[in-house]
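Reviewing the structure listed below.
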Amino acid sequence: MKQIKSIDRITDSQLAVRQYQIFMQELDVLRQFIYTFRKRLEDLYFVKTNIHLLSLPTTLYKRHLVLNLFPDA
């Protein structure tokens, strides 16, 4: 990001294109980080809240166990 110049320092179209390419590379890194972070949070939530038990064959048809997962419902 330090390589990216402020808009008032861009003097021609070639420099603007190079700055755009640098910016897009950095933006892709940020997008990948956010995706990975979000996916990890989803995985943690999935396991820590016992929601994953709903997908297990031994639990899927046991209504009382499913209801115990959501006591406020």
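What follows draws every value from the coordinates through simple rules; no lab data is involved. Keep in mind that what you see is a predicted model, and the values were worked out from it rather than measured. Cβ coordinates were reconstructed from backbone atoms using ideal geometry, including for glycine residues, and neighbour counts include every protein chain displayed.
Observations on the model:
- Cα→Cβ-extended label distance, 7 Å offset, between Arg40 and Arg18, nm: 3.5 nm
- The packing ranking of peptides 10-21, 32-43, highest mean first, is 10-21, 32-43, where packing means the average number of other beta carbon atoms within 10 angstrom of each residue.
- Between Gln32 and Ile7, residue separation times 0.36 nm minus the direct Cα-Cα distance comes to 6.4 nm.
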